[in-house]
Amino acid sequence: MSDEQHVDGVEAVLEGADGRLADPGFLVNANPGEVLGLVDAASGPAAQLAAAVYRTSTHLHRDATPGVRRQLLALDAARYGDRELAARIAAVPVDDGADVRWEVEWATGSVADHHLLAGHADYVAAVATVVLEGRPVAVTGSWDGTVRVWDLTTGQPVGEPLTNDDEHAVLAVATTVVDGRPVAVTGSEDGTVRVWDLTIGQPVGEPFTGHTGYVKAVATTVLDGRPVAVAGDSDKTARVWDLTTGQEVSHPLIDHTDPVEAVATGVVDGRPIAITGSGDFTALVWDLATGQPISQLWTRAGHSDEVWAVAMAVVDGLPVAVTGSDDKTVRVWELTTGQPVGEPFTGHTGKVRAVTTAVVDGCPVAVTGSHDKTVRAWDLTTGQQVGAELVFPDEVYAVVMTPDGRLVAGFGHDVAVLTPR
């Protein structure tokens with residue numbers, strides 16, 4: 001063979017590899033071994049990006065169905081900053097019944113060192129949303145000790161990260177409006193609750209002190225016309241804080257026998273309530289005006305492990321709590337009696353660490369995130385899972401829904417925003 005023929009042959013192989021790697025349908029549907037046999041031959045920019053995207057979750061592609069592989073590839077393309085490639089991958093048809101309700105809009109990219117939209121440097125523990133200067137934003141807290149704000153539409157960071165002086169992990173985030181200004185309320189492993197003015201990116205006053213353990217959960221509500229935060233602590237209590245004065249509103253909420261891992265707030269029969277989930281396998285419903293428990297969601301009728309996630313919803317006019325547990329189940333409870341509603345939701349194969357509720361297409365749903373690296377949606381009226389689960393490359397610790405139906409998820413060190421299909 002002449003040198004010229006040899007060179008031509010190599011170029012043909014390279015061109016063939018580049019062409020196939022640039023085809024989203026090939027990436028989604030081809031045998032992973034076949035794709036991996038080509039990634040080292042990628043030479044053009046588009047093929048090299050596709051190769052990098054494919055390598056990111058190679059360990060998951062080998063055993064995935066085409067539908068799951070499509071989800072992962074679209075998400076990883078977004079993590080590399082190529083939203084157009086993510087959209088083209090998401091549009092690839094599959095015939096395995098894996099159609100999902102949401103597709104990725106953008107994601108942070110801790111997987112790519114060169115990525116301009118870097119994610120957190122440690123696990124994302126919490127996420128909340130709010131409107132800041134007319135634009136919807138997500139606020140995330142992380143074990144890296146920072147709070148970050150993201151433009152929900154563009155995916156760009158808003159301002160500099162908000163950091164504690166001591167860089168303790170931020171385990172909980174909630175948002176509200178105080179004196180007309182959007183704020184984030186955060187709970188930290190140093191036992192403090194902090195309020196941040198999101199308009200200027202600065203703390204408001206001094207941290208709230210009084211907790212003696214990790215502040216693992218925070219939720220906000222209005223009590224007697226004033227904005228308050230309810231913070232759950234590993235010291236087995238929850239405390240209610242006036243966000244205007246920084247003072248504790250009443251004595252601590254004490255009845256759990258293990259750390260308070262989750263907090264949600266709502267209104268029942270015109271009175272503000274809090275729901276606390278605990279390592280004692282139960283959740284408690286509290287009347288915030290009196291500081292007394294209304295009902296207890298008992299372990300004998302419910303969870304067999306720690307309750308790490310709680311949310312409130314209204315189903316057929318009935319106020320309910322939705323709880324997620326380390327026992328891998330999701331349960332629904334009637335709030336005023338503490339009685340279970342229907343059967344537990346099963347499907348997760350790992351601990352359920354996040355729950356949010358919303359109304360989607362007129363239907364009340366719960367959305368749950370798990371250590372099994374999936375997010376699932378549940379119809380609260382029927383108890384059935386809605387669509388296929390969303391698969392992520394890492395454990396999902398935080399989920400929240402926006403009023404326009406977008407899903408914000410914290411997984412591993414990253415944040416993703418997904419829009420309804």
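Say whether the condition of being part of a strand (DSSP E or B), without any contact (Cβ under 8 Å) to a residue 60 or more places away in the chain, charged (D, E, K, R) and farther than 25 Å from residue 261 by Cα is met by at least one residue in segment 173-181.
yes
Hey, among 287, 224, which residue is assigned by TED's automatic domain parsing to the domain that holds residue 196 and over 22 Å from residue 353 (Cα atoms)?
The unique qualifying residue is 224.
May I ask you to list the residues in segment 245-284 that are of a type outside the set (Ser, Thr, Tyr) and in contact with a Gly (Cβ under 7 Å, 6 or more places away or on another chain)?
246, 248, 251, 253, 258, 259, 260, 261, 262, 263, 273, 283 - these are the residues of segment 245-284 that are of a type outside the set (Ser, Thr, Tyr) and in contact with a Gly (Cβ under 7 Å, 6 or more places away or on another chain).
Give segment 232-254 a look and list any residue that's surrounded by 18 or more Cβ atoms within 10 Å (Cβ to Cβ), under 12 Å from residue 284 (Cβ atoms) and not hydroxyl-bearing (Ser, Thr, Tyr), or say none.
Once the filter is applied, which keeps residues that are surrounded by 18 or more Cβ atoms within 10 Å (Cβ to Cβ), under 12 Å from residue 284 (Cβ atoms) and not hydroxyl-bearing (Ser, Thr, Tyr), segment 232-254 yields 232, 236, 238, 253.
Answer yes if at least one residue in segment 329-348 is more than 25 Å from residue 63 (Cβ to Cβ), out of contact with any His (no Cβ under 9 Å at 6 or more places or on another chain) and of a type in the set (Lys, Arg), and no otherwise.
No, that holds for no residue.
How many of the residues making up segment 126-168 are over 14 Å from residue 203 (Cβ atoms), of a type in the set (Ser, Thr, Tyr) and touching a His at 6+ places or on another chain (Cβ under 9 Å)?
Qualifying residue count, segment 126-168: 2.
Under 7 Å between Cβ atoms, which residue pairs at least 6 apart in sequence (or on different chains) link something in segment 40-58 that is in contact (Cβ under 8 Å) with a residue 24 or more places away in the chain and under 9 Å from residue 18 (Cβ atoms) with a partner that is of a type in the set (D, E, K, R) and crowded, with 17+ Cβ neighbours inside 10 Å?
Filtered contacts from segment 40-58: 42/18; 43/18; 44/18; 47/18.
Only residues that are in contact (Cβ under 8 Å) with a residue 24 or more places away in the chain and among the hydroxyl-bearing types (Ser, Thr, Tyr): list them for segment 371-421, please.
Answer for segment 371-421, where residues must be in contact (Cβ under 8 Å) with a residue 24 or more places away in the chain and among the hydroxyl-bearing types (Ser, Thr, Tyr): 374, 381, 397, 402, 419.
Could you please find all residues in segment 352-372 being touching an Asp or Glu at 6+ places or on another chain (Cβ under 7 Å) and either within 13 Å of residue 386 (Cβ to Cβ) or crowded, with 20+ Cβ neighbours inside 10 Å (or both)?
Residues satisfying the conditions are 363, 365.
The values are calculated or read from the model by the stated rules, or taken from the named source; none is laboratory data. Remember, predicted model here, so these are calculated numbers, not experimental data. Virtual Cβ from ideal backbone geometry, glycine too; neighbours counted across all protein chains shown.
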